[in-house]
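See below for the structure under consideration.
The values are calculated or read from the model by the stated rules, or taken from the named source; none is laboratory data. What you see is a predicted model; the values in this text were computed from it and never measured. Because the Cβ atoms are built from the backbone with ideal geometry, glycine has one as well, and the counts that use them run over all protein chains shown.
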Amino acid sequence: MIDKTGTLVSRLEQQARQVRRNIWRAIRAGGGGHVGGSSSAADILAALYFHRMRIRPTEPDWPERDRFVLSKGHANAALGAVLAQAGFIDDAVLDQFYAFESPFGMHPDIKVAGVEMCTGALGHGLSVATGMALGARIQKMAFHTFVLIGDGELHEGSNWEAAMAAAHYKLANLTAIIDHNKICQSGRVNEVISVDPLADKWRAFGWEVREIDGHNMSDVVETLDALPLNSERPTAIIAHTVKGKGVSFAENTYLWHSNSVNDEIYAKALAELGLP
Amino acid sequence: MNAPENALAEWRAKSANQTRLAFGQALLEIGAREPRAVVVSADTQDLLGIRPYIERFPERFLEMGIAEQNAIGVASGLATTGLHPYVCAYAPFITARSMEQVRNDVAYANQRVVIGAAASGISLGVAGGTHHALEDLALMRSLPNMTIIVPADVNEAYQATLATLDIDGPVYLRLGGRVEEPPVGDPEAPFRLGKAAQLRPGNDVAVIACGALVDMALRASDLLKKEGIGVRVLNMHTIKPLDRDAILAAAAETCGIVTAEEHHLCGGLGGAVAELLAVERPTRMRMVGMPDTFAMVGPTVPLRAKYGMSAEAVVDACRALLAQRR
């Protein structure tokens with residue numbers, strides 16, 4: 001539970017700030033990348049990896065570990081950041097984003113410690129996570145499966161096949177978090193193809209839905225700690241977020257879905273993010 | 001072996017000669033032998049004859065409905081938790097429709113997922129082009145890590161399914177539809193993954209066939225034998241990894257190679273053999289298979305003949321090679 005003094009929340013906020021610094025660091029090392037969707041997910045990932053998930057960074061294949069699938073695989077800079085900060089991978093890997101033979105590319109590679117699936121082609125993660133949750137049930141294992149999905153990603157129809165199946169099997173051990181930053185590659189999601197009414201869609205598919213501010217760490221922690229929200233249904237957390245969160249010029253614009261980052265821009269971003 | 005021998009013999013005796021049903025029957029034995037096995041269906045419980053499995057292992061059965069993309073993603077997720085999923089599906093849909101899931105979630109992630117793909121080729125002839133799978137081998141062959149098996153008869157389908165117990169990676173098992181697939185070989189002969197079975201000796205010309213075309217190759221060989229022509233017949237049940245040694249030996253010891261398959265001439269067994277020989281030992285070839293067109297509607301057997309997939313077509317291909325013999 002959240003302590004009244006807010007120690008946990010302030011620690012997680014600090015770690016999320018470090019995640020954002022590492023996102024920019026990796027993307028600068030690569031010369032550019034998906035700043036927007038990585039930064040919008042930073043608080044959620046920090047809460048999962050540094051608080052909610054039962055994981056063993058020194059034993060990444062521990063069978064009882066909670067699973068996390070980054071369905072929006074283009075946010076791999078954020079995943080790399082939490083994996084490094086948690087100790088799954090060496091911190092120096094963050095400086096090898098896109099490098100020749102690097103384990104750390106634009107999208108997650110299952111061969112990397114802590115990475116559960118090679119994602120990035122959109123609309124795959126929810127099916128895979130559904131399989132993991134079913135695998136837990138069949139083998140009577142207690143782990144929980146989390147999957148982070150982009151809002152634009154919900155255009156992919158396969159998500160809704162999986163949503164139907166997960167509800168059919170009453171997978172209370174499965175939580176989908178929608179990073180609802182409202183922007184995809186070409187502009188605003190709802191101008192490209194509307195996903196609204198989003199909460200109603202998930203409810204209609206049989207999911208327990210909660211909407212939160214995905215940058216309010218108390219909100220995020222409280223919701224993750226309350227899982228499962230319903231013992232008969234999978235949970236969909238619609239996290240309202242800001243694309244590019246944390247750096248003013250990158251916030252809330254499709255231009256920073258993916259963009260180049262040079263030393264000058266990097267210095268400006270770090271100055272805004274503040275000290276680790 | 002836990003499955004009662006007499007039960008299997010009894011099933012064989014009364015069952016139609018259809019490889020899709022042999023797969024379902026083999027799953028019963030796999031369920032008994034491998035506690036990690038789990039069967040995933042895409043609304044194909046009767047197509048692959050898995051109701052006996054479901055009755056016996058209900059806790060290790062998952063129906064995913066008419067949603068092939070999700071079925072493959074789920075199977076991949078199951079495999080990551082240590083289970084051994086067997087996906088039951090229609091060949092045309094589980095390959096072409098779910099290609100990205102098969103490529104990324106299964107082949108690229110290198111997960112232990114077996115796909116039992118029924119109704120391949122033009123086995124659903126009357127269903128029309130939407131339901132034919134004449135490009136599935138080309139799609140699956142292009143994926144690294146994938147093992148591809150095309151059983152020619154019920155016995156081989158059963159044994160090949162059991163062989164997946166020892167394959168630690170993705171497998172595509174190509175099965176037939178509601179059409180008779182007569183026995184082609186000795187039912188007691190062991191199935192050896194990646195090793196072609198020589199069903200007829202001969203050093204004049206060689207026919208390398210898979211699936212339904214193996215029976216036609218045998219008939220062609222028997223016809224030409226009456227003329228004193230020795231036609232070697234190789235049942236190339238494993239398309240990937242390919243039995244290079246058997247192909248190179250056939251190329252070295254005969255005047256040429258005929259390939260025969262129920263698949264487009266592009267990208268299937270013929271393509272695989274040609275790719276090998278072009279590099280290692282350029283050899284005269286003829287390819288029997290589906291030309292570059294969509295098939296019309298019709299019962300499977302006359303449809304095969306119309307598009308040049310017949311014993312007669314194999315004979316003609318052999319004669320063409322013999323005529324060019326230097």
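Observations
- In the set A:Glu208, A:Glu251, only one residue is within 30 Å of B:Ile66 (Cβ to Cβ) and modelled with pLDDT of 95 or more; that residue is A:Glu208.
- For A:Leu79, the stated conditions hold: it is over 21 Å from B:Val40 (Cα atoms), touching a strand residue (DSSP E or B) at 6+ places or on another chain (Cβ under 6 Å), away from chain B (no Cβ under 14 Å) and surrounded by 24 or more Cβ atoms within 10 Å (Cβ to Cβ).
- Any hit, the stretch A:164-175, residues being within 14 Å of another protein chain (Cβ to nearest Cβ) and β-branched (Val, Ile, Thr): no
- Residue within the stretch B:237-244 that is under 21 Å from B:Leu322 (Cα atoms) and in contact with a helix residue (DSSP H, G or I) (Cβ under 8 Å, 6 or more places away or on another chain) present: no
- Filter result for B:Asp316 (among the acidic types (Asp, Glu), in contact (Cβ under 8 Å) with a residue 12 or more places away in the chain and assigned by TED's automatic domain parsing to the domain that holds B:Val205): no
- Hits in the stretch A:85-113 (condition: surrounded by fewer than 22 Cβ atoms within 10 Å (Cβ to Cβ) and either within 13 Å of A:His34 (Cα to Cα) or among the small types (Gly, Ala, Ser) (or both)): A:Ala86, A:Gly87, A:Ala92, A:Tyr98, A:Ala99, A:Ser102, A:Gly105, A:Met106, A:His107, A:Ala113
- So B:Ala118, is it away from every other protein chain (no Cβ under 11 Å), touching a Leu at 6+ places or on another chain (Cβ under 6 Å) and crowded, with 24+ Cβ neighbours inside 10 Å: yes
- Every listed requirement among (1) buried (at least 18 other Cβ atoms within 10 Å of the Cβ); (2) more than 9 Å from chain B (Cβ to nearest Cβ); (3) out of contact with any strand residue (DSSP E or B) (no Cβ under 8 Å at 6 or more places or on another chain) is met by A:Asp66 save one, (3).
- Among the residues here, B:Arg36 qualifies as modelled with pLDDT of 95 or more, out of contact with any helix residue (DSSP H, G or I) (no Cβ under 7 Å at 6 or more places or on another chain) and within 14 Å of chain A (Cβ to nearest Cβ).
- Just one of (1) under 22 Å from B:Gln101 (Cβ atoms); (2) surrounded by fewer than 18 Cβ atoms within 10 Å (Cβ to Cβ) fails for A:Val192. It is (1).
- Remark: pairs (first residue in the stretch A:145-159, in a loop (DSSP other than H, G, I, E, B); second residue polar (S, T, N, Q); Cβ separation under 7 Å; 6+ apart in sequence or on different chains) = A:Asp151/A:Asn181.
- Some residue of the stretch B:39-55 being free of Cβ contacts under 8 Å to residues at least 24 places away in the same chain and either crowded, with 24+ Cβ neighbours inside 10 Å or within 10 Å of chain A (Cβ to nearest Cβ) (or both): no
- Index of the failed condition, B:Asn145 passing every other in (1) assigned to a loop (DSSP other than H, G, I, E, B); (2) more than 25 Å from B:Val113 (Cβ to Cβ): (2)
- Output for the stretch B:77-115, where each listed residue is among the aliphatic types (A, V, I, L, M), closer than 27 Å to A:Phe68 by Cα and surrounded by 21 or more Cβ atoms within 10 Å (Cβ to Cβ): B:Leu78, B:Ala79, B:Leu83, B:Val87, B:Ile94, B:Val102, B:Val106, B:Ala107, B:Ala109, B:Val113, B:Val114, B:Ile115
- Meets criteria (at pLDDT below 95 and not assigned by TED's automatic domain parsing to the domain that holds B:Pro302) for B:Gly125: yes
- Number of residues in the stretch A:88-113 that are away from chain B (no Cβ under 13 Å) and either outside any loop (DSSP other than H, G, I, E, B) or under 15 Å from A:Phe68 (Cβ atoms) (or both) equals 9.
Yes/no matrix, rows are residues, columns are (1) crowded, with 16+ Cβ neighbours inside 10 Å; (2) under 23 Å from B:Ser76 (Cα atoms):
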| position | (1), (2) |
| --- | --- |
| A:Thr145 | yes, yes |
| A:Gly152 | yes, no |
| A:Ala163 | yes, yes |
| A:Leu171 | yes, yes |
| A:Asp200 | no, no |
| A:Phe205 | yes, yes |
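- Counting only residues that are facing chain A (nearest Cβ under 7 Å) and hydroxyl-bearing (Ser, Thr, Tyr), the stretch B:61-93 holds 3 of them.
- The residue that is nearest to the chain's Cα centre (by Cα), counting only those in the stretch B:125-137 that are surrounded by fewer than 24 Cβ atoms within 10 Å (Cβ to Cβ) and part of a loop (DSSP other than H, G, I, E, B), is B:Glu135.
- Within the option set A:Ala226, A:Ala239, being closer than 25 Å to A:Phe146 by Cα, of a type outside the set (Val, Ile, Thr) and free of Cβ contacts under 8 Å to residues at least 24 places away in the same chain holds for one residue only, A:Ala226.
- Breaking point among (1) at the interface with another protein chain (Cβ under 9 Å from one of its Cβ atoms); (2) crowded, with 24+ Cβ neighbours inside 10 Å; (3) among the β-branched types (Val, Ile, Thr), for A:Ile138: (2)
- Selected residue (only one of A:Thr130, A:Thr119 is buried (at least 24 other Cβ atoms within 10 Å of the Cβ), in a loop (DSSP other than H, G, I, E, B), at the interface with another protein chain (Cβ under 9 Å from one of its Cβ atoms) and under 18 Å from the mean Cα position of the chain (by Cα)): A:Thr119
- Entirely in the stretch A:174-276, the helices (runs of 4 or more DSSP H) that have 3 or more residues that are out of contact with any strand residue (DSSP E or B) (no Cβ under 8 Å at 6 or more places or on another chain): A:198-204, A:217-225, A:263-273
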